[in-house]
1. Quick one: which of Val116, Val161, Val189, Val150 is surrounded by fewer than 20 Cβ atoms within 10 Å (Cβ to Cβ) and not basic (Lys, Arg)?
2. Under 6 Å between Cβ atoms, at least 6 apart or on separate chains: pull out the pairs that start in the range 18-45 with a residue that is in a loop (DSSP other than H, G, I, E, B) and end on any residue that is small (Gly, Ala, Ser).
3. Any chance the range 97-107 includes a residue that's within 30 Å of Thr191 (Cα to Cα) and either touching a strand residue (DSSP E or B) at 6+ places or on another chain (Cβ under 9 Å) or not assigned by TED's automatic domain parsing to the domain that holds Gly267 (or both)?
4. Answer yes or no as to whether Thr309 is surrounded by fewer than 22 Cβ atoms within 10 Å (Cβ to Cβ) and hydroxyl-bearing (Ser, Thr, Tyr).
5. Is it the case that the range 290-306 has a residue that's surrounded by fewer than 18 Cβ atoms within 10 Å (Cβ to Cβ), within 29 Å of Gln115 (Cα to Cα) and in contact (Cβ under 8 Å) with a residue 60 or more places away in the chain?
6. Restricting the first residue to the range 407-434 and requiring it to be in the same structural domain as Ala394 (by TED's automatic domain parsing) and among the aliphatic types (A, V, I, L, M), which pairs with a second residue that is surrounded by 14 or more Cβ atoms within 10 Å (Cβ to Cβ) and part of a loop (DSSP other than H, G, I, E, B) meet a Cβ separation below 6 Å and a spacing of at least six or different chains?
7. Looking at the range 260-289 only, could you name the residues that are surrounded by 17 or more Cβ atoms within 10 Å (Cβ to Cβ) and of a type in the set (Ser, Thr, Tyr)?
Amino acid sequence: MERSSEVPGFYKRSIAERRAFVREWAGLSEEEARALEFPPGIDPASVDRMIENVIGVMPVPLGVATNFRINGKDLLVPMAIEEPSVVAAASNAAKVARASGGFFAQTTDPVMIGQVQILHVPDPASARLKILDRKAELLAAANAKDPVLVKFGGGAKDLEVRILPSPRGTMVIVHLLVDARDAGGMNAVNTMCEALAPEFARLTGGKVVLRIISNLAVHRLARARATFPAELLRTETASGPEVVEALLDAYAFAVADPFRCATHNKGIMNGISAVVLATGNDFRAIESGAHTYAAWTAAASGAVVRPLTTYEKDAAGNLVGTIELPAPVGLIGGATAVHPTAKAMVKLLGVKSARELGEVLAAVGLAQNFAAMRALATEGIQRGHMELHARNMAVSAGARPDEVDRVVERLLADHQVRFDRAKAIVEELRHGSG
């Protein structure tokens with residue numbers, strides 16, 4: 001009989017009942033099913049309230065990047081990521097920057113954009129002015145929806161109105177600018193947009209459709225800069241000044257070519273997304289906003305996309321790196337408020353505001369990008385990756401703890417870091433021929 005994924009009332013079942021169903025569906029062994037068990041410190045009831053149809057958790061390695069000094073303060077930075085070398089690379093880059101005082105970061109006010117889409121407006125230009133004429137009244141109505149946010153200095157601060165051509169005709173788009181303080185802002189912004197929608201429809205004579213926050217948070221930016229001393233960049237085969245020039249060449253490649261720029265910016269997000277995930281924030285929103293910002297800022301110069309970082313050489317010949325990107329993260333609400341690991345990692349990080357967390361993100365993104373470019377421009381990115389990759393291959397091939405180091409050594413010596421080769425080496429070791 002053909003199985004059906006239509007399971008009425010699945011959400012009403014207990015976690016144990018859902019697991020039993022999934023185990024039978026997939027034919028999971030007892031050992032495989034144990035992977036769905038909750039680790040110590042995780043309350044199943046709390047997780048069950050976070051998303052729908054919970055059957056377990058997906059643990060991601062959680063590491064700590066060291067050596068970070070941001071705005072004169074030393075920090076240990078939690079990073080949740082499955083990719084090898086990222087935590088080590090961030091730590092090493094932070095050590096180089098530390099010699100020049102570390103990272104100097106700043107953020108703008110935590111202003112988010114709520115968008116209200118209005119269609120079928122007879123006179124868009126006139127409608128725009130009607131909305132702007134009522135700005136004070138409209139902002140007051142929005143703020144009435146969240147007096148607590150207003151009490152802490154946040155709330156709706158401004159309105160912008162755009163006239164937007166589209167394949168479906170001209171649209172009037174209202175941007176409600178809301179200072180979210182230490183929250184991510186989604187609930188507050190969306191609630192305010194919903195509240196104002198009927199009045200926008202009345203003022204414009206149009207029909208309101210979407211009312212939603214934008215992840216392109218161009219008013220909520222984080223920036224950081226650091227100096228990487230040339231004398232600390234030398235390698236066995238290249239002087240410090242030569243490495244600086246190689247890094248500038250690598251940066252120029254990212255500026256000139258969108259194919260390289262995509263990977264350049266991905267390296268930045270390796271660091272940023274890992275911190276965002278470790279602190280329980282929405283890494284999808286951060287990534288979407290960052291990559292769109294890279295394209296949005298490039299449009300002014302006619303480019304397709306631009307790096308989120310810049311690199312220059314100072315008068316002393318040192319490499320100076322900077323970064324700027326949207327950082328709509330929060331410390332209030334969402335998983336940050338309920339996930340025990342996220343709460344512990346925020347405490348480890350020691351930040352007291354969303355703006356401080358944004359500064360950390362910018363610094364880590366710059367560190368990660370510098371480290372990746374340095375590896376690419378000198379020994380190549382694979383050198384650091386391959387030892388960890390070889391270790392993963394050894395474990396996947398069934399190597400016991402006492403065998404792993406010998407398998408890794410053979411894989412690297414043979415320059416064949418593959419599963420089949422790891423499996424063969426394990427067999428050789430166990431049969432006495434290795």
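1. Working: Val116 fails: surrounded by fewer than 20 Cβ atoms within 10 Å (Cβ to Cβ); Val161 fails: surrounded by fewer than 20 Cβ atoms within 10 Å (Cβ to Cβ); Val189 fails: surrounded by fewer than 20 Cβ atoms within 10 Å (Cβ to Cβ).
On inspection, the qualifying residue turns out to be Val150.
2. Every condition considered, the pairs that remain are Leu36/Gly56.
3. Yes - at least one qualifying residue is present in the range 97-107.
4. Working: surrounded by fewer than 22 Cβ atoms within 10 Å (Cβ to Cβ): no; hydroxyl-bearing (Ser, Thr, Tyr): yes.
Taking the combined requirement at face value, the residue does not satisfy it.
5. yes
6. Qualifying pairs under 6 Å: Val407/Ala399; Leu411/Val417; Ala422/Ala397; Val426/Ala397; Val426/Ala399.
7. Ser273, Thr279 - these are the residues of the range 260-289 that are surrounded by 17 or more Cβ atoms within 10 Å (Cβ to Cβ) and of a type in the set (Ser, Thr, Tyr).
One line per residue, one yes/no per condition, for (1) touching a Lys or Arg at 6+ places or on another chain (Cβ under 6 Å); (2) within 30 Å of Ile323 (Cβ to Cβ):
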residue	(1), (2)
Val7	no, no
Arg23	no, no
Leu36	yes, no
Pro61	no, yes
Asn71	no, yes
Glu82	no, yes
Ala94	no, yes
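The values are calculated or read from the model by the stated rules, or taken from the named source; none is laboratory data. Everything quoted here is computed from the prediction, not taken from an experiment. Glycine gets a Cβ as well: all are built from the backbone with ideal geometry, and neighbour counts include every protein chain shown.
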